[in-house]
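Before anything else, here's the structure in question.
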């Protein structure tokens, strides 16, 4: 058996989290990289240690946690939800109520080990409460029910001034400081700069470590869920719910579990997102955020954990990339003559009245602003992936990997 | 299957190209206001003695940290602009004003030989994006030429103070004149709260006994509620009865709230309406009330107005029944600052049509110009140095482009109480000759506003 | 006066708040019904949930604005024609363009998805919505565009009721459209569409050109969305014209569709009117003290949730038959 490392002789070894040597090595390397990023000691990706990039990476992890939740519901259990943003909002405001310091707005000042899990639990409870409707209403009608949740939720958040700070005004959310109870000095403070074990770290670096650690826990939990009885039940419901029911899978029960677990993830992610940004207006938890979550799991690959991670990274980093790319193009366009600058000039508009697909000059020429371009790209990618590669980025990765493994054979 | 594989290959190839280019572009995120080709990354260490000797400046004495590069002769300013959100029509014009102003300054020798370069970013009027953009820019620029939006600026206020960076708020929240709320922002123009005092006081003078009741319809948040509180207090001071209080009731993201407010205003039959919204929302509310036969006088915070509304079906009705106030001077004024600004705009070719919003860009740029020059004279062009210089400016003179500002003394002394009150000018705007404003009271301060004892922000955001 | 009590305290003469409410409900209902009918026709014929419907409405309104006010076609060739003639000409051009756009969208983006899961196809249209909405918004620019209608702000004031000319047009056009749709379904093509809706493969076996039915349904859907979009962007609802939020207003039409039932034309009309009236009543009579602001915006969704709990397939929708 030693000569055939990929030969699995038992179900257990086949289903193991890391069923091959490559995976173990790659994972170890990845973990080391993740730890080293804030120090800026790695070649090539040194720029990731900049504040702005650390914040982007932290956002990737937070959106990743949220999207993992949606992936459980939509990717694994096949229940379409456009309402993920609502559950994120529930989590965020639960966190605020429990964790924020008492003041004019609701806040109990409890420590993080209470408010963070509670954010998930309350969101999960509401998810389970919505569940029965969702089980009764099927398929596309369900998509509209969850869409309705977003609108109703936004209405409630906007009007519940004492909790949310009111529309367009918003409130502060509790930061990432670990306290035993309500004592003055926190045990561990992730949100102010300082040194850990003699290593000087910025507040962004600390927040990054905190969120990445939670993200890894979230990934492992989903990976495990996928391999359990519950995970298999989800998949059978997704593939054919009546068939699943005939085989003894309790449709009602597992759909409720799917809603609950998914909402738990959303709640925790919402609390993290709000705590990370610091101040949020109630309008944050709207349809656009819900659609962004859908975009993440579809671009990454529905039903696959790796895909979700890839999707989150892609969707969060794309705006930054588009912006840099546009600036680079406009500098090429301005640099002088030649074919490349002519081409760049066609794509970017650089001056008044200049034609261009992308517009960097405010209010002068037609052309998409970079924010609009991002949205258009999300849209096109969703369409493109659904039509050409339903497995998303993960599907592309699979093709590359299989090509690599099989080379020189094409199969 | 073959077609699919081909497409995949194209996607993949594009992806690789894109990834390759991305790395190269990663460290170059500035746009130039002038034609200066972009140069190096900003120096993060103190530059003391650059090798070249220039006769009109002694760079050896100038301290710098971020955003000022004496070797390259560049000062970088950040603009946190809403280029695609709900206030974009206004902000795009303001940004153009900034650009035209600095292009002219750079062409005439810059600030003691240093050219000013603008780094403009789109915040999309979203708080998280705004914060993210701030984080990206703060290591590149010496100060922020503007920061759009009240909740957005509040969100970075603490960070600005921690980082010791100066910013000009592109929002007229009353808290910017309140030292308890802000120490790093340069207030300018009459604030939303005081503006309500000014306008209601003006209408009281105009209408006399015909003015007894008022309806108030505003956006929520510190923009809307600041104006709403001002209007409520001013109405009380003027002895008006508030027959509909829609403070914070109009939500830009929710069409149905426009109808709710319009119906309530029409039902209330108030003598006047005070709105604090944006222009399209205002037009929608206005249209729905006149469809129900409502005939009252309309006024409100300046961002609720846009002369382009005069082209709409309700343009005529608007011109006949509304008054507005302008934070800067109006297009038709002959003050030297206005004449100069109009000339520069025309020469630059950036002028699309007359609009006093360009002046707002000029005013912000002139404030920053004053701060930068003061910092240069003090020999400290670090982020903290520019901030300190700005906060010690006794008077910033705009040559009539806007009422002068001061940053020293007590809030009650330096808070701005003056604005230009105008009526829409239908014919002038439609013919393209004016910015659509007929001034009825230039540099006006109503008694209500003059007597108001400003001790702090009207509306205080709760954390 | 407290708006909640307004209905009880009306004076006998003059247009009352109640009649204003009815007018508002009718015109809003007409708009929602137009959107919903187009949506249902697309769904019935092609089994596609069209999330891009709102974006199509905004695009249509923008096209009317472009033809009527920006490029001024056909107005520039007819300098002496009365304004309503040139406007109707501009609307006709916009409608033709929208029909072509609808056909192209179906052909390029949705035909490849035939036979895929309903959900996957629906999400493709969600992607289309994002793309069309953002590109349209870029063309609209930051300030609203006038649709350039000749009706102005004139009102009919008959003493007991007060109604804007634009609202009369909206209601009349909606009635005409409903009539035309009814006639259409009796025509040869309409029967083909009904057959396709019933069973695509059986229809094909009967010699019906299913592909053409798909195209036509998208043409009709896109055109109706455009008409609704123009009405949304008119006085009094949107006096400033079509703007970047126009596409979102159409979201309130989704509950109307679901309430009526995804696959019922009658349901779409009833749902549209119901939602229009419910929303109108909420804007007039729901007390802001109790309900806060924006209650009217969620009334359609609340109504939808209630209806779905009682009838999971809407009032007129047919129950899905599930097979293993």
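Just grab the label-to-label distance for residue A:138 and residue C:311, each label 7 Å out from Cα along the Cβ direction, in nm (one decimal).
1.8
Using Cα pairs under 8 angstrom and six or more residues apart, how large is the relative contact order of chain A, in percent?
21
Kirkwood hydrodynamic radius for region B:365-455: how many Å is it when counted over pairs of different Cα atoms?
Over region B:365-455, the inverse of the mean reciprocal pair distance is 15.7 Å.
Any chance you could list the semi-axes, whole Å, largest first, of the equivalent ellipsoid that the Cα gyration tensor gives for chain B, using √(5λ)? Intermediate values should be presented prior to the final figure.
Values: eigenvalues 314, 155, 87 Å².
After diagonalising the Cα gyration tensor, the semi-axes are 40, 28, 21 Å.
Moving on. Convex hull over the Cα atoms of the protein assembly as shown, averaged projected area in nm²?
For the protein assembly as shown, the mean projected area of the Cα convex hull comes to 49.5 nm².
Let me ask something else. Which angle from 0 to 90°, rounded to the nearest 10, does the C-alpha axis of helix B:88-107 make with the longest principal axis of chain B?
Between the helix axis and the principal axis of chain B, the angle is about 40 degrees.
First check a/c for region C:237-313, with a ≥ b ≥ c the square roots of the eigenvalues of its C-alpha gyration tensor; if it is under 1.5, answer rounded, and if not, answer prolate when a/b is larger than b/c or oblate otherwise.
Verdict is oblate for region C:237-313.
Could you list the residues of region A:204-244 with an amide nitrogen less than 20 Å from a label point located 7 Å from the Cα of residue A:15 in the Cα-to-C-beta direction?
A:219-240, A:244
Same structure, new question: If I model a spin label at residue B:107 and residue B:316 as a point 7 Å from the Cα along the Cα→Cβ vector, what separation in nanometres do I get?
4.3
I'd like to compare C:160-173, B:118-131, B:229-242: which one has the highest average count of other Cβ atoms within 10 Å, and what's the full order after that?
B:118-131, B:229-242, C:160-173
Between residue B:353 and residue B:462, how high is the FRET efficiency from 1/(1 + (r/R0)^6) when r is the Cβ-Cβ distance and R₀ = 51 Å? Nearest 0.05.
Efficiency, from the Cβ-Cβ distance: 0.80.
Residues of region C:292-320 with amide nitrogen under 17 Å from the 7 Å Cα-to-Cβ point of residue C:185?
C:314-319
Give me the distance between the Cα centres of region A:181-220 and region A:120-148, rounded to whole Å.
Using only Cα atoms, the two centres lie 34 Å from each other.
So, in nm, how far is label residue B:212 from label residue A:183 when the simple model puts each one 7 Å beyond its Cα toward the Cβ?
So the two model labels end up 6.7 nm from each other.
Provide the gained length on full extension for the span residue C:266 to residue C:108, in nm with one decimal, where the gain is 0.36 nm per separating residue minus the Cα-Cα distance.
Result: 53.9 nm gained on full extension.
Using a 10 Å cut-off on Cβ atoms, rank the peptides A:302-314, B:206-218, A:30-42 from the highest mean neighbour count down.
Working: A:302-314: 24.1, B:206-218: 19.2, A:30-42: 13.9.
For the peptides A:302-314, B:206-218, A:30-42, the packing ranking is A:302-314, B:206-218, A:30-42.
Okay, next question. Run the helix sum for the protein assembly as shown: -39,500 (n - 2.57) per DSSP H stretch of 4+ residues, divided by residue count, reported at 222 nm to the nearest 500 deg cm²/dmol.
-18000 deg cm²/dmol
Using the scaling law 2.2 N^0.38 Å as the reference, what is the normalised Cα Rg of region A:16-166?
After normalising by residue count via 2.2 N^0.38 Å, the value is 1.32.
Can you tell me, using C-alpha contacts under 8 Å and at least 6 residues apart, the relative contact order of chain C as a whole percent? Show your work: numbers first, answer last.
On the way: 536 pairs, mean separation 109.7, N = 324.
About 34 percent, as a whole number.
If you fit an axis through the alpha-carbon atoms of helix B:221-238 and take the longest principal axis of the Cα set of chain B, what angle between them do you get, 0 to 90°, nearest 10?
Tilt relative to chain B: about 40 degrees.
In addition: Can you list the residues of region C:132-150 with backbone N under 16 Å from a point 7 Å past the Cα of residue C:81, pointing along Cα to Cβ?
C:148-150
Which of C:212, C:186, A:399 comes first, and how do the rest follow, when ranked by fewest Cβ neighbours within 10 Å?
Values: C:212 13, C:186 9, A:399 16.
Fewest-to-most ranking of C:212, C:186, A:399: C:186, C:212, A:399.
Determine the shielding of peptide B:281-291 by partner chains: average, over its residues, the number of Cβ atoms on other chains within 10 angstrom of each Cβ.
Taking the mean over all residues of the peptide, I get 6.
Using a 10 Å cut-off around each Cβ of peptide A:323-331, what is the average number of partner chain Cβ atoms that fall inside?
Mean number of neighbouring Cβ atoms from other chains: 6.
Which percent, to the nearest 5, of DSSP beta bridges fully inside chain B are antiparallel?
Restricted to chain B, the bridges split so that about 25 percent are antiparallel.
If you stretched the chain out fully between residue A:22 and residue A:380, how much longer would it get, using 0.36 nm times the residue separation minus the C-alpha to C-alpha distance?
Result: 125.5 nm gained on full extension.
I'd like the FRET efficiency for residue A:197 and residue B:161, computed as 1/(1 + (r/R0)^6) with the beta carbon distance as r and R0 of 25 Å, rounded to 0.05.
0.25
Under the definition of Cα pairs under 8 Å and six or more residues apart, what whole-number percent is the relative contact order of chain B?
Relative contact order comes out at 17 percent.
Using a ≥ b ≥ c from the Cα gyration tensor of chain A (square roots of the eigenvalues), is it rounded, prolate or oblate, where a/c under 1.5 gives rounded and otherwise the larger of a/b and b/c decides, a/b for prolate?
rounded
Along the principal axes of its C-alpha atoms, what lengths does region C:47-134 span, in descending order and rounded to whole Å?
Between the extreme Cα coordinates on each principal axis of region C:47-134 lie 54, 20, 15 Å.
Quick one: grab Rg to one decimal and Dmax as a whole number for region C:187-305, Cα atoms only, in Å.
That works out to 18.2, 61 Å for Rg and Dmax.
Determine, at each q value in 0.09, 0.10, 0.11 (inverse angstroms), the log₁₀ of I(q)/I(0) that the Debye formula gives when each Cα of chain C is one equal point scatterer.
Evaluating at q = 0.09, 0.10, 0.11 Å⁻¹ gives log10 I(q)/I(0) of -0.48, -0.60, -0.72.
Report the Stokes-Einstein translational diffusion coefficient (µm² s⁻¹, integer) for region B:74-158, Rh taken as the Kirkwood radius over Cα pairs, at 4 °C with viscosity 1.567 mPa s. Show your work: numbers first, answer last.
Working: Rh = 13.2 Å.
Calculated translational D: 98 µm²/s.
A further question follows. Under 1.5 on a/c is rounded, so check that first for region A:116-187, then, if it is not, pick prolate when a/b is larger than b/c and oblate when it is not; a ≥ b ≥ c are the square roots of the alpha carbon gyration tensor eigenvalues.
Since a/c reaches 1.5 but b/c is at least a/b, the shape of region A:116-187 is classed as oblate.
Looking only at other chains, what is the average number of their beta-carbon atoms within 10 angstrom of each beta-carbon in C:41-49?
1
None of the figures in this text is laboratory data; all of them are computed from the coordinates on show. Note that this is a predicted model, so its numbers are computed, not measured. In this analysis, Cβ positions are derived from the backbone assuming ideal geometry, glycine residues included, and neighbour counts consider all displayed protein chains.
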